[in-house]
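So the structure is just underneath, and the comments pick up after that.
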Amino acid sequence: FAAWLGQFEVTEDGCGVTAPDLGAFTAPVLCEGGEVSVTFAVNDLCTSAGITRSFTVTAPAPVAVAGPVDFSSTACQFADQAALNLAFDAWIGQFEVTEDGCGVTAPDLSGYTAPVLCEGGMVSITYGVSDLCTSASITRTFTITAPVALSVNKPMDYTEDATFFADQDAIDAAFSTWLEGFSVGGGCDPQASYGTPTAPTLCGGSVTVTYSVSDLCETTSVSATFTINSPNELVINKPNDVNLSSCTFADQAELDAAFAAWLNGFSVSGGFGPVGSIVGTPVAPVLCQGGSVTVTYNVSDECGSGSVSATYAITAPAAVAVSGPANVDASGCDYADQEELDAAFAAW
């Protein structure tokens, strides 16, 4: 402005003039702008001359910035970290200088990164610019709420005797109910599976079920065991083998009774609903003929089977036999007296 004012001059001073004093003029206020109009005029005895010139400064528009609205979401809204990063990049890309005044440089936001998806967090950005005359700034936040931690539940380990159940269907029903103890809460749409386990059988056994869970941020598993104790071991009883003489018995009826009592020595215990049966319809040996009878006892239950045998033998007696002296036909005269006859008879 001073240089501009210095260009006013009297180029012909006629009868002698005095140049106007322009010292009162000052430049416009830089950041407000405005116009200064200067009339430079002189006159002498005969003539006059004047010019009017203006010095105008246009004030800059105030700088201005714009940006996105504050953003808030849960981690579960994103497929993965990459998706969150894309959303963050799109959000941060909305910051801009909408009026650059006398020319400004937009702030560098490249140092900002999205929160870690599974940890959550907030990124606060202050976006500000200034020029010769004005400044402007805004602050915006990008917030991610971390997911609730997975809560994985499992049933207590289960143990029961097979004999507690009526049948396999009852075990299967108990197992299905037990499986309902596996569950999951929290997380981001957790996916869980324990496969297709099946219950132990009536014959006993254990099934360990592993429940695997995964979601956006976590993968974990728990295990529990369902046990059926096998029933008591089958115990098959049999009588001792018998070997007797026919002479032990008074008659066939007594032998038959003894044989029937002996058959009662076959029995079974334990197992799961065991059923035992003697093969065929064995009968006692014939008393006076002797012989042996081998009896087989078969057993089966829900979980197994078995068989035992025992023998009942009768030894027949040797046939009775007799011997004696030859017939005697003597004369009374052959003996001296009765005593001699008596002695001979006793000897015979």
Descending accessible area (1.4 Å probe), largest on the left, turns CYS247, CYS31 into CYS247, CYS31
Give the cysteines in the chain for which no other Cys Cβ lies under 4.7 Å away, or write none if there are none.
CYS15, CYS46, CYS102, CYS247, CYS288, CYS333
Keeping all protein chains in position, work out how much accessible area GLU339 exposes to a 1.4 Å probe, and write it in Å² to the nearest 10.
140
Mean Cα-pair separation over length for the stretch 81-153, i.e. relative contact order, pairs under 8 Å, 6 or more apart, %
28
Heavy-atom surface of the stretch 199-348, accessible at 1.4 Å and reported per residue (Å²):
59
I'd like the distance separating the alpha-carbon centroids of the stretch 285-348 and the stretch 117-172, in whole Å.
99
Putting +1 on Lys and Arg Cβ atoms and -1 on Asp and Glu Cβ atoms, find which of PRO107, PHE272, ALA257 reaches farthest to the positive end of the dipole of the chain.
PRO107
What is the Cα radius of gyration of the stretch 191-269 over 2.2 N^0.38 Å, N being its residue count?
2.49
Once the dipole of the chain is set up from charges on Cβ (+1 Lys and Arg, -1 Asp and Glu), the residue from the list SER214, MET122, PRO190 lying farthest towards its positive end is MET122
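Could you grab the Rg to Rh ratio for the chain? Cα atoms only, Kirkwood for Rh. Intermediate results must be reported in sequence, preceding the final value.
On the way: Rg = 62.6 Å, Rh = 34.9 Å.
Reported Rg/Rh, Kirkwood definition of Rh: 1.80.
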For THR219, the accessible surface traced by a 1.4 Å probe with all protein chains present amounts, in square angstrom to the nearest 10, to 120
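May I ask you to derive the relative contact order of the chain, considering only C-alpha pairs under 8 Å and at least 6 residues apart, and to give it as an integer percent? Write out the running numbers ahead of the final one.
On the way: 608 pairs, mean separation 34.5, N = 348.
Answer for the chain is 10 percent.
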State to the nearest 20 debye the size of the charge dipole of the stretch 141-296 about its Cα centre, where the only charges are +1 on K and R beta carbons and -1 on D and E beta carbons.
200
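How large is the charge dipole for the chain, taken about the Cα centre, if only the Cβ atoms of Lys, Arg (+1) and Asp, Glu (-1) carry charge, to the nearest 20 debye? Provide the component values of the computation, followed by the final result.
Values: 4 positive and 39 negative charges, 206 e Å.
Taking the Cα centre of the chain as origin, the dipole is about 980 debye.
Cβ neighbours within 10 Å, averaged per peptide: list 50-57, 272-279 in order, most packed at the top. Walk me through the numbers on the way to the answer.
Working: 50-57: 11.2, 272-279: 15.1.
Most protected by this proxy first, the peptides run 272-279, 50-57.
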Listed residues SER309, SER221, SER110, most fluctuating in the chain (Gaussian network, C-alpha, under 10 Å)
SER110
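Using only Cα atoms, what Kirkwood radius does the stretch 164-316 have, in angstroms? Working shown, then result.
Working: mean 1/r = 0.0497 Å⁻¹.
Its Kirkwood hydrodynamic radius stands at 20.1 Å.
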In sequence order, calculated HN-Hα J values of the stretch 283-289 (Karplus, 6.51, -1.76, 1.60; Hz; x Gly/Pro)
10, 5, x, 6, 3, 8, 9
Averaged per residue, what accessible area in Å² does the stretch 1-101 show with a 1.4 Å probe, protein chains only?
63
How much of the accessible area of the chain, probe 1.4 Å, is carbon plus sulfur, in whole percent?
51
Listed residue (THR163, CYS333, TRP91) projecting farthest to the positive dipole end of the chain, Cβ model:
TRP91
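The values are calculated or read from the model by the stated rules, or taken from the named source; none is laboratory data. These numbers were taken from a predicted model, which means no experiment stands behind them. Quick reminder, even Gly has a Cβ in these numbers, built from the backbone with ideal geometry, and neighbours come from all protein chains shown. Just the protein is used for accessible areas: all its heavy atoms, side chains included, with ligands, DNA and RNA removed. Shrake-Rupley method; radii C 1.70, N 1.55, O 1.52, S 1.80 Å.
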